[in-house]
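Comments concern the structure below.
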Amino acid sequence: MSPEAASCIYHPGVIAISVCSECAGKICRACEQIVANKPVCNQCVQRIRQKIANEQPITPPLAGYAGGQYAGAPIQNSAATHAILKGPAPKATSTGMLLGFVAAFVVATIGAILWAKIFLIANFMLSIGYIFIGMGAAIAINKVSKTYGIMNAVLADVAYILGMTIGHIVYVQDAVAAQGGRIGFGSEALTLAFQNMSPLHWVWVIVGVVYAFITANKPTT
């Protein structure tokens, strides 16, 4: 925003540097807060917090700031509003995180094994299903740990990858057994899985990793 563009709606004569993403008012550096990577004026932040305290609908800001230059507008249903209303992620306990990881691992492992069984029986697999397994693992860790964030996202990915590893090994064991052979539960079976699955299959497995990370890094409704 150029210096001639406008003055701050709250401080006439002070150059505005940005526009509030909630009320569209032009604001100076002293009035700006960054919420959800967007500029929000102090007034809007206070009003949203007041809404939380009172548990009442947010009303439009008062008109008439800066000598009547500012006409208030309602706060929008924006990312900034949601970030203020939600607040920081709840702090998880070590026990909660451990149990959450176990839940994510169980979900991922059962999902991967069932998907492998279906593939073996039907000889047809929709690898896109790994997305749902990844999301399921993420939801499990968020629900059990009662929080979300980067740590949950990393643990969800670890649980998902471990579950996928076991699922693919079980698939190879079943496939070899169906032909009258036998193979151990280990690296040899996993190597065969890598050799026999198509590149597109592994792309979907990686997409599942991404979805697990994204899902666990945000609140689970």
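List of remarks:
- Identity of the residue in segment 188-215, in contact with a helix residue (DSSP H, G or I) (Cβ under 9 Å, 6 or more places away or on another chain) and of a type in the set (Gly, Ala, Ser), that ends up nearest to GLY136 (Cα to Cα): ALA212
- Screening ALA24 with (1) surrounded by fewer than 18 Cβ atoms within 10 Å (Cβ to Cβ); (2) modelled with pLDDT under 60 gives one miss only, at (2).
- Unique match (being assigned to a strand (DSSP E or B) and either surrounded by fewer than 20 Cβ atoms within 10 Å (Cβ to Cβ) or modelled with pLDDT of 90 or more (or both)) among ILE34, ILE9: ILE34
- Sub-6 Å Cβ pairs linking a first residue in segment 38-50 that is under 17 Å from CYS8 (Cβ atoms) to a second residue that is surrounded by fewer than 20 Cβ atoms within 10 Å (Cβ to Cβ), at least 6 apart or interchain, are PRO39/SER18; PRO39/GLU32; VAL40/GLN33; VAL45/GLN33, ordered by first then second residue.
- The listed residue being among the aliphatic types (A, V, I, L, M) and modelled with pLDDT of 90 or more, out of ALA177, ALA138, ALA116, ALA122: ALA138
- Selection status of VAL176, surrounded by fewer than 18 Cβ atoms within 10 Å (Cβ to Cβ), part of a helix (DSSP H, G or I) and touching a Gly at 6+ places or on another chain (Cβ under 9 Å): no
- All told, THR165 meets the bar of being within 18 Å of ILE113 (Cβ to Cβ), of a type outside the set (A, V, I, L, M, F, W, C) and modelled with pLDDT of 85 or more.
The values are calculated or read from the model by the stated rules, or taken from the named source; none is laboratory data. All figures in this text were calculated on a predicted structure; none of them were measured in a lab. Heads up, the Cβs are rebuilt from the backbone with ideal geometry, glycines too, and the neighbour counts pull from every protein chain shown.
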